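The values are calculated or read from the model by the stated rules, or taken from the named source; none is laboratory data. Keep in mind that this is a model prediction, so the values were computed, not measured. Heads up, the Cβs are rebuilt from the backbone with ideal geometry, glycines too, and the neighbour counts pull from every protein chain shown. Calculation scope for accessible area: heavy atoms of the full protein, side chains included, ligands and nucleic acids excluded. Shrake-Rupley method; radii C 1.70, N 1.55, O 1.52, S 1.80 Å.
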Amino acid sequence: MIVPLQVGRDKSVAALNAATATSGPIALVTQREVEREEIEDPAELYSVGTLAKIAQVVQLQDGTVRAIVQGQGGSRSSAFQPSPYIIVRVEELPDVTPEGIEVQP
């Protein structure tokens, strides 16, 4: 799946730029409390998310970044490092479709 992302937080922009510079994937996870600006503890993030490939990044004049990312599969994050941006160790999760369920593209 390909989706657009609007990124505004300084640490998130830095992480996106670092992943783009190395042509590496990026782990997309959700934080538990949307109101919190600074994430200092891994418990503030869900550990299961999506590993994504960055297709395009556009720096906007207001300092935010618009990125187009393509999901590559599920991931589980660990080994949290909060600075200079959030860095995690990522384990790819197997793509498992339960038997008896039909999936249409």
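How would VAL3, VAL65 rank on accessible area, largest to smallest, probe 1.4 Å? Mind showing how you got there, number by number?
Working: VAL3 50, VAL65 0 Å².
From most exposed to least exposed: VAL3, VAL65.
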- [ ] Mind ranking ASP10, ASP41 by accessible surface for me, highest first, 1.4 Å probe?
- [x] ASP10, ASP41
Task: Spread of Cα-to-Cα distances over 10 Å intervals beginning at zero, given as percent, for the stretch 57-104 - done: 18, 27, 34, 16, 5
TODO: Considering Cα pairs under 8 angstrom that are at least six residues apart, work out the relative contact order of the chain and quote it in whole percent.
DONE: 29
Open item on the list: Can you compute the helix-only [θ] at 222 nm over the chain? Use -39500 (n - 2.57) per DSSP H run of at least 4 residues, normalise by all residues, nearest 500 deg cm²/dmol.
Closed with: -4000 deg cm²/dmol
Open item on the list: Given a 10 angstrom Cα cut-off, can you work out which residue in ALA14, ALA55, ALA79 is the most mobile in a GNM of the chain?
Closed with: ALA79
TODO: Would you check the accessible area of SER77, probe 1.4 Å, heavy atoms only, in square angstrom rounded to 10?
DONE: 20
Task: Qualifying chymotrypsin sites (Phe, Trp or Tyr not before Pro) in the stretch 38-105, DSSP loop, other Cβ atoms within 10 Å at most 13 - done: TYR46
- [ ] Grab the beta carbon distance between LEU60 and LEU93, set R0 = 25 Å, and tell me the FRET efficiency rounded to 0.05.
- [x] 0.15
- [ ] Select from VAL34, VAL48, VAL58 the residue whose mean-square fluctuation is largest in a Gaussian network model of the chain (Cα-Cα springs shorter than 10 Å).
- [x] VAL34
Task: Tilt relative to the chain, helix 10-22 - C-alpha long axis, 0 to 90 degrees, to 10 - done: 70
TODO: State, in angstrom, two size descriptors of the chain derived from its alpha carbons: Rg to one decimal place and Dmax to the nearest whole number.
DONE: 14.7, 49
Task: Radius 13 Å from Cβ of ARG36, net charge of other residues (Lys, Arg +1; Asp, Glu -1) - done: -4
Open item on the list: Among VAL7, SER23, ALA43, whose Cα projects farthest towards the positive end of the dipole of the chain, with charges put on the beta-carbon of Lys, Arg (+1) and Asp, Glu (-1)?
Closed with: SER23
TODO: Can you sort THR64, THR30 by 1.4 Å-probe accessible area, starting with the largest?
DONE: THR30, THR64
